[in-house]
């Protein structure tokens, strides 16, 4: 970029690089926070060098020269600042402080009547400021994105190694990411956003934005110590056990759900050592799959709170036998529906009748029919326990099937096996 020149004497103070450089550097040390934290050799070295180069660059552009070489060197310096973590707002603040001092030096010699020169000078310096700040910002952001990409790759590599049970000490040193002694292992399921099905929008873009919001919320809450492998549908998160107490993980899931703007279902296996992470992750996802099949309310579920349900859903002859207990109800969906809603209501006849829009006597009749067909009486503890267990086991044969529950307005709507799903542990269930 070149700047046309008229009235060269206006800019004479800027050409005295030897005098103006220490004045600017001294001002930066006094006014820019980052400069005050640098050792003396850094101030006299890099800051002074860059300041002198910028003054030479401005002088050359005022003379109508193309300063591509110096702009390239400035871009290289900006990339270095990005790598060192110098905030971009501090850098731009230093530039603006420098231009302010340069203005003062130039206009100290301008009389009040020389209005045209002042206006022209303001436009010229604004154009140069735009060029320098644009060069710095573009290079800074490019380098920052490269650093973020490298960190993301390192996190992905380390997380994959932990989940695969591979040795991680050497990899952690190479990635520059410390490995904790133990992790809370979270399996996440992220529901689809309604906009993903809007024909007017690009569903893939909506889903990626949802994922970025979740990742940003996780980084904000846990910093860079949390490791994750996430897709738009969910994934696995490893959180150092000493960073977020287990009791606070319910709130973390709430934060992720608000960021995603959709329901997030989660399952937790706490305090797994690095050697235990592969098994813990598999168990967490098995629990997550179970609570999804049972259509539980979106919340954080702990393995310890679901040990019985987990065992009932494990493959084997026991699960198959339990599932067969409800086979006599296959041709009587109204009986199966009534039984499930009744269990959900803690055997409250009046509420079950109200939800199903039937008389309480009809509820009694249907429960007696269930007892006659299955040989298990839902009004007795032993029969109720077996019927509820059979429903849990059956969800892994037939999948969720519709039943009826009431929405907050009192209307009746379809919902799956929510009534046979136990309440989550600490924190309770989050409303859907």
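Overview of results
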item	result
Selection count where residues are buried (at least 22 other Cβ atoms within 10 Å of the Cβ) and closer than 20 Å to residue 307 by Cα, scope the range 257-278	6
Among the candidates 295, 289, residue that is surrounded by fewer than 17 Cβ atoms within 10 Å (Cβ to Cβ) and within 31 Å of the chain's Cα centre (by Cα)	289
Boolean, residue 234 is under 14 Å from the mean Cα position of the chain (by Cα) and crowded, with 17+ Cβ neighbours inside 10 Å	yes
Matching residues, the range 337-351, being part of a helix (DSSP H, G or I) and without any contact (Cβ under 8 Å) to a residue 40 or more places away in the chain	338, 342, 349, 350, 351
Only listed residue being in contact with a strand residue (DSSP E or B) (Cβ under 6 Å, 6 or more places away or on another chain) and modelled with pLDDT under 90, chosen from 168, 159	159
Residue in the range 411-429 that is outside any loop (DSSP other than H, G, I, E, B), touching a helix residue (DSSP H, G or I) at 6+ places or on another chain (Cβ under 8 Å) and at pLDDT 70 or above present	no
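The values are calculated or read from the model by the stated rules, or taken from the named source; none is laboratory data. Quantities reported herein were computed from a predicted structural model and do not represent experimental measurements. Positions of Cβ are generated from backbone atoms using ideal geometry, with glycine treated the same way; all protein chains shown enter the neighbour counts.
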